[in-house]
Amino acid sequence: MLDKHGNYTKIAEVTGIPAQTLNKWGVKHGINKKPRIDKHVKRRVITLLANGMSYSEIAKRAKVSKATVSRIAKEGNGNNG
């Protein structure tokens, strides 16, 4: 059902439904789950945040996106939303 990258591209082409919509549906129904962040990576991000490093620099060093750094920062402050 999914291509080798875990995308719904072919299904989207055939059905006319955007691949992003199909992916969200898959996540919602447990067909494809968002990857979890490794706890060691998470600890490293938290340490680098505590040292005052920028989100961009942390993302490069930890090999994650800036959005992931931001999400970890929010979780660290007790804000899950």
Screening Lys24, Lys63, Lys74, Lys28 for residues that are on the phi > 0 side of the Ramachandran plot and either in contact (Cβ under 8 Å) with a residue 60 or more places away in the chain or of a type in the set (D, E, K, R) (or both) leaves only Lys63
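Out of the stretch 7-23, which residues are assigned to a helix (DSSP H, G or I) and more than 22 Å from the chain's Cα centre (by Cα)?
Let us first name the residues in the stretch 7-23 that are assigned to a helix (DSSP H, G or I), namely 9-15, 19-23.
Within the stretch 7-23, Lys10, Ile11, Glu13, Val14, Thr15 meet the criteria.
Residues checked against (1) farther than 30 Å from Tyr8 by Cα; (2) surrounded by fewer than 17 Cβ atoms within 10 Å (Cβ to Cβ):
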site	(1), (2)
Lys28	no, yes
Ile31	no, yes
Arg36	no, yes
Arg44	yes, no
Ala50	yes, yes
Ser54	yes, yes
Arg61	yes, yes
Ser65	no, yes
Val69	no, no
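Coordinate-derived values only; no laboratory data. Quick caveat: nothing in here was measured; it's all calculated off a predicted structure. Virtual Cβ from ideal backbone geometry, glycine too; neighbours counted across all protein chains shown.
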